[in-house]
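What follows draws every value from the coordinates through simple rules; no lab data is involved. Given the structure is predicted, the values throughout are model-derived calculations rather than measurements.
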Amino acid sequence: MAAMKTLAFYSRENFKDRELGEYFYKVVTEDIEKTISVLDCFYDYLSINNPARKVDTIHTMLEEILKEKQVEFEKKHIRIVKKQFEPNLPETSLTDEQLSFILNSVFDYILFSSPLNGGMGILTRSIGSHQWNGEGKESLQKDTKYIEILILSKYANSSHPLENPLASISNENQEERMDLILQLVKKTIENHRGAMKTKGNSRKEMHLISLVLPIERRNVFQFIPPGNRPRR
């Protein structure tokens, strides 16, 4: 900003000698461009030598996915009735790509399986392996902390009549495909030393999905891409 004010002060119109004004304006412009280049280089140097600690990845990704799917949730009148996020939740050892696949797939499943006018609650917390009861608990490391992402869908039982007998077969096939997606999610989590369980009541009014992810014990750092640096 200061450089632009300087350039405006020494504009060509402030010189009685037009040729001198053009020359001076050119020199000042080149100096400013060189200075900006040096500052950009210095900023990149600081970025690669002073990486930022990676924090709150799970919560940030949850918020981003919910925002991306907001229109779809609104179309089905599914409201998020409660979000309870644990402050300073640890990082997971899963990569961002793996975490994105898991969360996107789970919310896609919820969007498909939930009828109209439902509600959803989301909880995150740190737990010990002894606090979780579900299939695959024996594979969790004893006396080790994990991250639990718990998603609860609650809705009234839908009783809309089918338009034709073949619709029920089509619906069953779609449910099988969505169940396959959950199996892929579960496999991904288990391959990385985590666990997953799903549970629904007999009247299909409630569906719970619990994801247990391994904690990254090391401090994780990330570099700020040059394109994300603040503008001067």
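Listing for the model above:
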| read-out | value |
| --- | --- |
| Greater than 19 Å apart at Cα, pairs in K54/K186; K82/K187; K154/K199; K83/K186; K137/K186; K137/K187 | K54/K186; K82/K187; K83/K186 |
| Taking the range 51-148 and dividing mean pair separation by its residue count, relative contact order in percent (alpha carbons under 8 Å, at least six apart) | 33 |
| Nearby lysines by direct alpha-carbon distance to K34 (threshold 29 angstrom, same-chain neighbours under 8 apart not counted) | K5, K16, K26 |
| Stretchable slack from N104 to C41, in nm (0.36 nm times residue separation minus alpha-carbon distance) | 18.9 nm |
